Amino acid sequence: MIKIANSTKDLREKYLRKDLLPTIFCPGCGNGQVLNYVIRAIDALNISQDNLVFVSGIGCSSRLPAYLEAYGVHTTHGRAIAYATGIKLTNPELTVIVFTGDGDISAIGLNHFLQAIRRNISITVICINNENYGMTGGQVSPTTPMGHFSTTTPYQNIEHSFNLSFLAKAAGASYVARWTTAHSLQAIKSIKKGLQKQGLAFIEMLSPCPVSKKTFKNTTEYLQYYLNESISYSPNQNNNTSAHVFKDLHECFTAQYEGKIIVGEIIDKEKPNYHQLYEDLRVRARNEFRKNK
Amino acid sequence: MSIITVDEILEPKLQFATGNDAIAYGALLANCRFFAGYPITPATEILELMARYLPLLDGGYCLQMEDEIASMAAIIGASWNNYRTMTATSGPGFSLMQENIGYACMTETPCVIVNVQRSGPSTGQPTKPAQGDVMEARWGTHGDHYVIVLYPNSVQESLWITIRAFNLADKYRVPVILLSDAALAHTREKLTIPLQNNIDIINRMPVTIEKSKYHPFRTGFIHPSKVPEMDIFGQKYHTYLTGLTHDWKAYPATDSAKVHEQLVRRFYEKIVDNHSDIVSMELKYMDDADIVVVSYGIASRPALAAVERARAEGYKVGYLRLITLWPFPHDEIYEISLDTKKFVVVEMNLGQIYHKIVEHSRGNSEVIKCFKIGGELHTPKEILKKIKSR
Ligand SMILES: Cc1ncc(C[n+]2csc(CCOP(=O)(O)OP(=O)(O)O)c2C)c(N)n1
Ligand code: SF4
Ligand SMILES: [Mg+2]
């Protein structure tokens, strides 16, 4: 059955805390776009708002849960995933979505991210990657490309940057997708898939921060860049960007150094999730306990 | 499959057990069903016991997290699913937990943090007892805040105080820090394990207010209490939690002096107004005392021996043991100081509670330092010398 999507007005009514609007975001910020995609994915899946918990760290991107009519936990810098681990484990009925930024997840909080992937906790992690620390005014982050300027790299960034999606894949994530805010339909589809995944799903959204990250003058130029320079990673991906398929990771990274943006569904696989493994463990533990009585 | 009960696991009876055992058993009896921790001497056994026992219990989970920051985060998160949650650590790990302890204060999340003290600073003496974290326990996280800090002095008391820690955490929606130390943690003593139905449990106040009138940080609406009714994730109230200064709706209000003041003062008031419910101490030989030996935790053991020896020699010495360290019994100390010529403060640090005794005796009494560091307990003789000193 084809579900007729709710109108933007209906969605706004249903999902936003109107008494907290307007948001704190700058004009042209990509955070609102990502919020839009997430709301559409949730709505399409008919997830109960009572059972939705948005968990975030610190940063502009981490302010998103405040605007959602659902449970929200705005935690400490980098630690959202560790909070989410305790939340999801003790109530698996909850749909737990983590909103995080590139600094939040890949500088201060990287370890929690990798460990949660390793455990395969069933949460959906949405990272808004604007390649800088937006909230604190444009410092370099682990995803800032080499050669870029920032307030703390006034002589250009000499550090290699992380591609968070490849990092997540290498750590063993069940589901990883990487898009930009210019890829609305693909992003919504990936968020939906992520939410349905039994295991950790990571969705990375390249997003404009025209105020703190002045790679481009304005959001229109950002979106232009996203559309022109995006290359699809996945061979089977049917999207409206270039159909280029990379031979290997090396070729992929070379392209990235040349300013290309790698997008696509990076991995989608099944592996036992933590909750399921814990319940199996419980059965074994109880049997052993009874046997030894 | 029939369920397994805590009583089946602990087989209530007399045992020889350690302080760490007693804390784990106390937590299970208090219905703690979520534990997250990271191995560290001398606290590790608590994590090991919880890893063994929690999966046996319905809804029980124990996680070894990637560090103490994550452990603290996980127990706060789980607490909002109406779980009683705990972590256990020692000095270095306790320092790492501080930022998230502040988050628990700000979001009024009940949880219990065990700090089995060892010598510091830094890695210090991992296997040696110390009491150097007494001020950190109170003031470790930044900003004005209140926490409750308890410190038992025996294996048996470790069990009871652990249960009390959970009750206070829930009642006042505050992190409760349970101090122990390397000596208490690993000493074996007699432990009587009670049946679970002999345990008094005081749970947090759930939401009783209808949705249209409920606000996550609204107080005094139905009950006079300054502790707000606590929501649980997965209901209709859609609570938002933030470490930012927030109003009663839980909405950020970072520019409002008024909102900040109301919120943070309430954190103080909800504890301070209930001083007599929270503060506990043990007093002995106080009736005729003009010298009072103040101690707490493991240091109270040689302190009591010294007091008894001094009394045998004719000194009018009293014994005052703090069980609740924070909130500090300031008025009680003042009252006692009126009849006290001299306090002897016995601590395994270079002076922490000493300063509180100086402050609250308000010049009424002389305050003598009896400090020892390096990992050895005081000998009664060392304390006796201070009692006799003039
Ligand atoms: C422990 C700690 N260190 C530093 C900060 C200051 N801080 C606030 S936001 C931020 C960076 C956020 O960057 P990112 O995660 O990329 O989010 P964005 O604002 O770009 O969305 C920092 C360093 C903090 N709040 N806490
Ligand atoms: S600083 Fe950047 S990320 Fe933050 S709100 Fe402004 S545009 Fe958005
Ligand atoms: Mg950023």
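Is region B:6-198 best put as rounded, prolate or oblate by its Cα gyration tensor, with a ≥ b ≥ c the root eigenvalues, rounded for a/c under 1.5, and otherwise prolate when a/b is larger than b/c, oblate when not? Each step should come with its number before you reach the end.
Working: a/c = 1.55, a/b = 1.17, b/c = 1.33.
It is oblate, given that a/c is not under 1.5 and a/b is not larger than b/c.
For chain B, calculate the relative contact order in percent as a whole number, restricting contacts to Cα pairs under 8 Å that are 6 or more residues apart.
On the way: 848 pairs, mean separation 61.3, N = 390.
The normalised contact order for chain B reaches 16 percent.
DSSP loop (so not H, G, I, E, B), at most 16 other Cβ within 10 Å: list which GluC sites (Glu not before Pro) in region A:248-288 pass both filters.
Numbers: sites: A:251, A:258, A:265, A:270, A:279, A:288; in loops: A:258, A:270.
The qualifying sites are A:258, A:270.
How large is the dipole of region B:118-272 about the Cα centre if only Lys and Arg carry +1 and Asp and Glu carry -1, each at its Cβ, rounded to the nearest 20 debye? Each step should come with its number before you reach the end.
Details: 19 positive and 15 negative charges, 52 e Å.
Using Cβ point charges on Lys, Arg, Asp and Glu, region B:118-272 gives about 260 debye.
Among A:184, A:46, A:94, flag the residue with its Cα farthest along the positive direction of the charge dipole of chain A, charges on Cβ as +1 for Lys/Arg and -1 for Asp/Glu.
Value computed over the given set: A:94.
Counting DSSP beta bridges with both partners in chain B, what percentage is antiparallel, nearest 5? Mind showing how you got there, number by number?
Working: 14 of 52 bridges.
For chain B, the DSSP antiparallel bridge percentage is about 25.
So which trypsin sites (Lys or Arg not before Pro) in region B:9-104 are both in a DSSP loop and have at most 14 other Cβ atoms within 10 Å of their Cβ? Mind showing how you got there, number by number?
On the way: sites: B:13, B:33, B:52, B:84; in loops: B:13.
Loop-located and lightly packed - B:13.
In region A:8-292, what % of DSSP beta bridges are antiparallel (nearest 5)? Mind dumping the intermediate values first?
Values: 7 of 37 bridges.
Percentage antiparallel, nearest 5: 20.
Please work out the Cα center distance from region B:325-350 to region B:41-63, rounded to the nearest Å.
37
FRET efficiency for residue A:170 and residue A:47, Cβ-Cβ distance as r, R0 = 22 Å, nearest 0.05?
Numbers: r = 30 Å, r/R0 = 1.34.
E between residue A:170 and residue A:47, to the nearest 0.05, is 0.15.
Given the Cα-Cα distance of residue B:188 and residue B:339 and 0.36 nm per residue of separation, how much length would full extension add, in nm?
Working: separation 151, 0.36 × 151 = 54.36 nm, distance 3.78 nm.
Taking 0.36 nm per residue and subtracting the Cα distance, the gain is 50.6 nm.
Please list the helices of chain B that count as membrane-span-like by this rule: a mean Kyte-Doolittle hydropathy of at least 1.6 together with Cα atoms stretching 27 Å or more along the helix axis, each helix being a complete DSSP H run.
Values: long enough: none.
Passing helices, by number: none.
How far apart, in nanometres, would the label points at residue A:227 and residue B:277 be if each is projected 7 angstrom from Cα along the Cα-to-Cβ direction?
Result: 6.2 nm between the two label points.
Please state the relative contact order of chain A as a whole percent: Cα pairs under 8 Å, 6+ residues apart?
On the way: 576 pairs, mean separation 47.5, N = 293.
Dividing the mean separation by the residue count of chain A yields 16 percent.
Using Cα pairs under 8 angstrom and six or more residues apart, how large is the relative contact order of region B:1-80, in percent? Spell out each step's value before the answer.
Working: 80 pairs, mean separation 25.9, N = 80.
Computed value for region B:1-80: 32 percent relative contact order.
Counting only other residues whose beta carbon sits under 14 Å from that of residue B:13, what net charge do I get with K and R as +1, D and E as -1?
Numbers: positive: B:190; negative: B:7, B:8, B:11, B:21.
In short, -3.
Per residue of B:226-236, what is the mean number of Cβ atoms on other protein chains within 10 angstrom of that residue's Cβ? Numbers along the way, then the final one.
Working: counts 0, 0, 0, 0, 0, 1, 2, 13, 11, 3, 3.
Other-chain Cβ atoms within 10 Å of each residue's Cβ, averaged: 3.
Sum up the charges of everything whose Cβ sits under 12 Å from the Cβ of residue B:30, counting Lys and Arg as +1 and Asp and Glu as -1, but leave residue B:30 out.
Once all neighbours under 12 Å are counted, the net charge is +1.
Label point 7 Å out from residue A:6 along Cα-to-Cβ: which residues of region A:175-193 have amide N under 20 Å?
A:185, A:187-193
Residues of B:30-41, mean number of Cβ from any other protein chain within 10 Å of their own Cβ, rounded to a whole number? Show your work: numbers first, answer last.
On the way: counts 0, 0, 0, 1, 3, 0, 4, 0, 0, 0, 0, 0.
Mean inter-chain Cβ contacts per residue within 10 Å come to 1.
At most 16 other Cβ atoms within 10 Å plus a DSSP loop assignment makes a site exposed; report the longest stretch of chain B without any exposed GluC sites (Glu not before Pro).
Details: sites that count: B:210, B:313, B:376.
Excluding the exposed sites themselves, the longest stretch runs over B:1-209.
In a shell of Cβ-Cβ distance under 13 Å around residue A:213, excluding residue A:213 itself, what net charge do Lys and Arg (+1) and Asp and Glu (-1) give?
Values: positive: A:214, A:217; negative: A:102, A:131, A:221.
In short, -1.
Could you check what % of the DSSP bridge pairs in the protein assembly as shown are antiparallel, to the nearest 5?
Details: 21 of 92 bridges.
If we restrict to bridges inside the protein assembly as shown, about 25 percent are antiparallel.
If you build a Gaussian network model of chain B, linking Cα atoms that sit under 10 Å apart, which residue out of B:101, B:222, B:161 swings the most?
Comparing B:101, B:222, B:161 in the GNM, the peak value goes to B:222.
What does the structure give for B:59-72 when I average, per residue, the other chain Cβ atoms found within 10 Å of the residue Cβ?
Numbers: counts 3, 4, 6, 1, 8, 0, 6, 9, 4, 0, 8, 12, 2, 5.
Taking the mean over all residues of the peptide, I get 5.
Give me the distance in nm between label points sitting 7 Å out from Cα along the Cα-to-Cβ direction at residue B:195 and residue A:253, one decimal.
Inter-label distance under the simple model: 6.5 nm.
Output wanted: per-residue J couplings in Hz (rounded whole) for region B:216-227, from phi through Karplus 6.51 cos²θ - 1.76 cosθ + 1.60, θ = phi - 60°, x for Gly and Pro.
Calculated HN-Hα couplings, in order: x, 10, 7, 10, x, 6, 10, 9, x, 4, 8, 9 Hz.
Given the rule -39500 (n - 2.57) for each run of at least 4 DSSP H residues, summed and divided by the residues of chain B, what is its mean residue ellipticity at 222 nm, to the nearest 500 deg cm²/dmol? Provide the component values of the computation, followed by the final result.
Working: 14 runs with 142 residues, N = 390.
Rounded to the nearest 500, the figure is -10500 deg cm²/dmol.
With +1 on the Cβ of every Lys and Arg and -1 on the Cβ of every Asp and Glu, and nothing else charged, how large is the dipole of the protein assembly as shown about its Cα centre, in debye rounded to the nearest 20?
Working: 71 positive and 67 negative charges, 85 e Å.
In total the dipole reaches around 400 debye.
Rounded, prolate or oblate for the protein assembly as shown? Axes are the square roots of the Cα gyration tensor eigenvalues, ordered a ≥ b ≥ c, and the cut-off for rounded is a/c under 1.5.
Values: a/c = 2.10, a/b = 1.94, b/c = 1.08.
Verdict is prolate for the protein assembly as shown.
Each reported figure results from applying straightforward, stated rules to the coordinates on display, with no laboratory input. Bear in mind the structure is a predicted one, so any value in this text is a computation, not a measurement. Every residue, glycine among them, receives a Cβ derived from its backbone with ideal geometry; neighbour counts consider all protein chains shown.
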